[in-house]
Amino acid sequence: MHSKIRVLHILDELNTGGAERIVFSYFQNIDRDKFQWDFVVTRYADPNKKGILEDKIESMGGRIYRVHRKRENYLKNINDIDKIIKNGNYDIVHSHLDELSTFYLFSAKKYKVPVRICHSHLAGTDRGSGVEMLCKLLKPVMRWVTTDKFACGIDAGAALWGRDAINKGKVYIMKNAINTKAFTYNETIRMIKRKELKIESSTTVVGSVGRLSYQKNSDFIVDIFAKFHEINPNSVLVLVGEGDLLGTIKRKMNKYKLHDCMRLIGSRNDVNEIMMAMDLFLLPSRFEGLPIVMVEAQCTGLPCLAADSITKEIKLSDRVEYFSLDNNAEEWAKLLCNNIEKNNRDAGFKIVKDNGYEIKYATDNLDIYYSRRIKELKHVK
């Protein structure tokens, strides 16, 4: 019998996206003498395309499995993960892929894994009619193979599990918690990062962090900044992340002639420090769950302008303002200018911590939950 509680997390990748950074933060703080956490990466089968978090995870004892990409061969993808679960002797399979978790949790049920978690990270979706139809068909099976319902927030939980499940306390809210000390504003770090990015101390920096994707509305960020830059020429846009819209963003950068005032810096493992170099945070996403980047930005004291499609649960301070995506880029830019005055960097740490988003506290709660549920369900194995 193995001495550690064995947990398998299933994610698309281990890069700088919200879900994977949340899981990584918990992994950093979980008791690794008590737990063995392994990870399946479904998006990048090529070992030369490692996510930015992978080396860190392996150095801390986490095992990472690469499988066939869903887009290339779904059957091979499912079979690969089926074999991992069959041979892994896991106590918990924790999937972060919403309704698509069904295929993997079916394998977990087949091999009598006692705790099978489906985790909702989205409060609203616009995934296309084909994906929506598939997810609708999968939901009844998903509920059958899942033992434990998880979500990053109340709205995300209601989106996948229904408002009644939330009201009855049947959904565990695993908060998108952060290391608040790492995101506490530091003036020295701000100056170092600005020098690294070739940004003057007097320049206004608009920033965003996330996958460059349709969901994040990343190309609209460039539209907004182009108008903002007309109003405030001494400004720079910093985009942290990678994704399918990189080409579109570069074309818009050429169109607006923004080469000298945009920094496309890709995936980073120093997001906390990059945020300290920013003055304004922008997140015009089409849909989200409970975006961890908004927790991080508020912790560093940044004024945040977000789409009103994003859950109001994330508003932890008066530094967050919501705006409709029905408004055009110029209107967004004008409102962004009005938010510059909210830039008070001192109180963010306490605001975030007082709202229960400190990672050590959240990890202790997860440890207790995992351990209790295994004891309750061990007869299933």
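The values are calculated or read from the model by the stated rules, or taken from the named source; none is laboratory data. Given the structure is predicted, the values throughout are model-derived calculations rather than measurements. All Cβ positions, glycine included, derive from the backbone under ideal geometry; neighbour counts span all protein chains shown. SASA here: full protein model, heavy atoms, side chains in, ligands and nucleic acids out. Shrake-Rupley method; radii C 1.70, N 1.55, O 1.52, S 1.80 Å.
Of note:
- Here the condition is being buried (at least 16 other Cβ atoms within 10 Å of the Cβ) and at pLDDT 90 or above; of 345, 372, 319, 286, it holds for 286 alone.
Conditions (1) of a type in the set (Val, Ile, Thr); (2) touching a residue at least 60 places away in the same chain (Cβ under 8 Å), marked per residue:
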| residue | (1), (2) |
| --- | --- |
| 89 | no, yes |
| 95 | no, yes |
| 113 | yes, yes |
| 118 | no, no |
| 140 | no, no |
| 145 | yes, no |
| 158 | no, no |
| 166 | yes, no |
| 188 | yes, no |
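- Pairs, first open to solvent by 70 Å² or more (accessible area, probe 1.4 Å) in the stretch 56-76, second at pLDDT below 95 and in a loop (DSSP other than H, G, I, E, B), C-beta under 7 Å, six or more apart: 68/45; 76/68
Conditions (1) surrounded by fewer than 19 Cβ atoms within 10 Å (Cβ to Cβ); (2) touching a Ser or Thr at 6+ places or on another chain (Cβ under 7 Å); (3) closer than 16 Å to residue 313 by Cα, marked per residue:
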site	(1), (2), (3)
111	yes, no, no
118	no, yes, no
133	yes, no, no
140	yes, no, no
164	yes, no, no
173	no, no, yes
176	no, no, yes
183	no, yes, no
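- Out of 282, 302, 335, sole residue that is in a loop (DSSP other than H, G, I, E, B) and in contact with a strand residue (DSSP E or B) (Cβ under 9 Å, 6 or more places away or on another chain): 302
- Within the stretch 36-87, being within 19 Å of residue 25 (Cβ to Cβ) and in contact with a Ser or Thr (Cβ under 7 Å, 6 or more places away or on another chain) holds for one residue alone: 52.
- Evaluation of residue 310 against (1) open to solvent by 10 Å² or more (accessible area, probe 1.4 Å); (2) under 22 Å from residue 223 (Cβ atoms); (3) modelled with pLDDT under 95 (one fails), failing number: (1)
- Within this structure, residue 190 fails the test of being surrounded by fewer than 19 Cβ atoms within 10 Å (Cβ to Cβ), under 24 Å from the mean Cα position of the chain (by Cα) and of a type in the set (D, E, K, R).
- With respect to (1) among the aliphatic types (A, V, I, L, M); (2) open to solvent by less than 20 Å² (accessible area, probe 1.4 Å); (3) within 25 Å of residue 214 (Cα to Cα), the lone exception for residue 93 is condition (3).
- Selection count, the stretch 167-212, where residues are in contact with a Lys or Arg (Cβ under 6 Å, 6 or more places away or on another chain) and small (Gly, Ala, Ser): 1
- Residues satisfying the stated conditions in the stretch 222-250, i.e. open to solvent by 40 Å² or more (accessible area, probe 1.4 Å), modelled with pLDDT of 95 or more and not polar (S, T, N, Q): 227, 229, 230, 231, 233, 246, 250
- Residue 90 vs. criteria touching an Asp or Glu at 6+ places or on another chain (Cβ under 9 Å) and either part of a helix (DSSP H, G or I) or closer than 29 Å to residue 270 by Cβ (or both): no
- Restricting the search to strands (runs of 3 or more DSSP E) fully inside the stretch 105-221 and requiring at least 2 residues that are more than 26 Å from residue 369 (Cβ to Cβ), at pLDDT 95 or above and of a type outside the set (A, V, I, L, M) gives 204-209.
- Total residues in the stretch 5-45 satisfying the condition of being over 12 Å from residue 88 (Cβ atoms), open to solvent by 30 Å² or more (accessible area, probe 1.4 Å) and among the charged types (D, E, K, R): the figure is 6.
- Criterion violated by residue 311 - all others in (1) farther than 19 Å from residue 278 by Cβ; (2) out of contact with any Gly (no Cβ under 8 Å at 6 or more places or on another chain); (3) among the polar types (S, T, N, Q) satisfied: (2)
- When 82, 31 are checked against the criterion of being more than 20 Å from the chain's Cα centre (by Cα), modelled with pLDDT of 90 or more and either farther than 21 Å from residue 176 by Cβ or in a helix (DSSP H, G or I) (or both), a single residue qualifies: 82.
- Tally, over the stretch 265-279, of residues that are touching an Asp or Glu at 6+ places or on another chain (Cβ under 9 Å), in a loop (DSSP other than H, G, I, E, B) and open to solvent by 20 Å² or more (accessible area, probe 1.4 Å): 1
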